[in-house]
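The next block holds one structure in the form of structure tokens; read it before the comments.
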Amino acid sequence: MTALELLAYINLALLLQLAGGIGVAVWRRQGAHESMPGLAVAEAPQVSSGAWPGWREFRVVRRSFEDKAKTQCSFHLEPVDGALLTPFKPGQYLTFSLLVADSVRGADVTPRTITRCYSLSDCPRPTAYRVTVKRVPAPAGRPELPPGASSSHFHDRVREGDIL
């Protein structure tokens, strides 16, 4: 067998695989699997969207810094109601409503409520979530501006046992 014949056989095999794949895709798209008697098709299990109505309380069960400079802190959260958590997909997040007391030139001002979202930063587990918060400093070259209110609140005030 020559190299040219071998190349021809390889090309033929690739074309047959491609044709078979296209055929299966067309067959599935046209719904042919539904019209064939005796072919059982498993239905997809019903999965919860993971969302719940309103706000839900979580207890901070552990906090741990992710870097030596302590600019990134992970907060491990368990639901206060004890109900299991649905698995989440990459990119999903928790929304937090926080009562923060900002400081203006060393004096505390009246606390205000802010809402912030943080991505879930661990693999899905039915009993806990983890979010990692990076401390946001004042903008470079603008020390008169305040640092991030939410990240400062998480880093400076949120402790194990707190309810969020």
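The values are calculated or read from the model by the stated rules, or taken from the named source; none is laboratory data. Owing to the predicted nature of the structure, the values given are computational and were not obtained by experimental measurement. The protein model used for the area step is the full one, side chains on, heavy atoms only, and it has no ligands, DNA or RNA in it. Shrake-Rupley method; radii C 1.70, N 1.55, O 1.52, S 1.80 Å.
Annotations
- Of the listed requirements (1) open to solvent by 80 Å² or more (accessible area, probe 1.4 Å); (2) of a type in the set (Gly, Ala, Ser); (3) at pLDDT 70 or above, Gly23 misses just one: (1).
Conditions (1) modelled with pLDDT under 90; (2) small (Gly, Ala, Ser); (3) open to solvent by 40 Å² or more (accessible area, probe 1.4 Å); (4) assigned to a loop (DSSP other than H, G, I, E, B), marked per residue:
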{"position": "Arg116", "(1), (2), (3), (4)": "no, no, yes, no"}
{"position": "Arg125", "(1), (2), (3), (4)": "yes, no, yes, yes"}
{"position": "Val133", "(1), (2), (3), (4)": "no, no, no, no"}
{"position": "Val136", "(1), (2), (3), (4)": "no, no, yes, yes"}
{"position": "Pro139", "(1), (2), (3), (4)": "yes, no, yes, yes"}
{"position": "Leu145", "(1), (2), (3), (4)": "yes, no, yes, yes"}
{"position": "Phe154", "(1), (2), (3), (4)": "no, no, no, no"}
{"position": "Glu160", "(1), (2), (3), (4)": "no, no, yes, yes"}
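- Filter result for Glu66 (within 19 Å of Ile163 (Cα to Cα) and among the charged types (D, E, K, R)): no
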